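Presented below is the structure to which this report refers.
The values are calculated or read from the model by the stated rules, or taken from the named source; none is laboratory data. Predicted model only: the values in this text are computed from it and were never measured. Cβ: placed from backbone, ideal geometry, glycine included. Neighbour counts: every protein chain shown. Side chains included, ligands, DNA and RNA excluded: accessible areas come from the protein's heavy atoms. Shrake-Rupley method; radii C 1.70, N 1.55, O 1.52, S 1.80 Å.
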Amino acid sequence: MKIRVNDEVMVVSGTDRGKKGKVHRSFPQEGRIQVEGVNVRKRHMKARGNIKQAGIVEFEAPIPVSKVMLICTKCHELTRVGYGILEDNKKARVCKKCHEVID
């Protein structure tokens, strides 16, 4: 996956279109990510011991990676991610618009 944890992304399709957030978790085998403040769901929870909180609990459900685009840290635009080879022969993620290294 080209999107990683702590990347700033924007949702480009679906009910949460236009929302920005930081990636909390990544599920590469499922092709999904969990973004802060996006796809918020509610679950009615029963109290079980002293650990769980009872009542209606809100949580962020994972969304498909194909529904988000990365926000470049240099040019601050939505961009696709490419790969390039640096001078020290290391592979790095590159912004397709400004050609700057993202990592």
For the range 75-103, how many residues are exposed (fewer than 11 other Cβ atoms within 10 Å of the Cβ), in a strand (DSSP E or B) and charged (D, E, K, R)?
1
Anything in the range 1-37 that is open to solvent by 90 Å² or more (accessible area, probe 1.4 Å) and among the β-branched types (Val, Ile, Thr)? List them, or say none.
THR15
Taking the range 59-86 only, how many residues are over 18 Å from ASN6 (Cα atoms) and β-branched (Val, Ile, Thr)?
1
Across (1) under 17 Å from the mean Cα position of the chain (by Cα); (2) farther than 16 Å from MET1 by Cα, ASN89 clears everything bar (1)
For the range 38-74 the number of residues that are assigned to a loop (DSSP other than H, G, I, E, B) and either in contact (Cβ under 8 Å) with a residue 60 or more places away in the chain or open to solvent by 40 Å² or more (accessible area, probe 1.4 Å) (or both) is 12
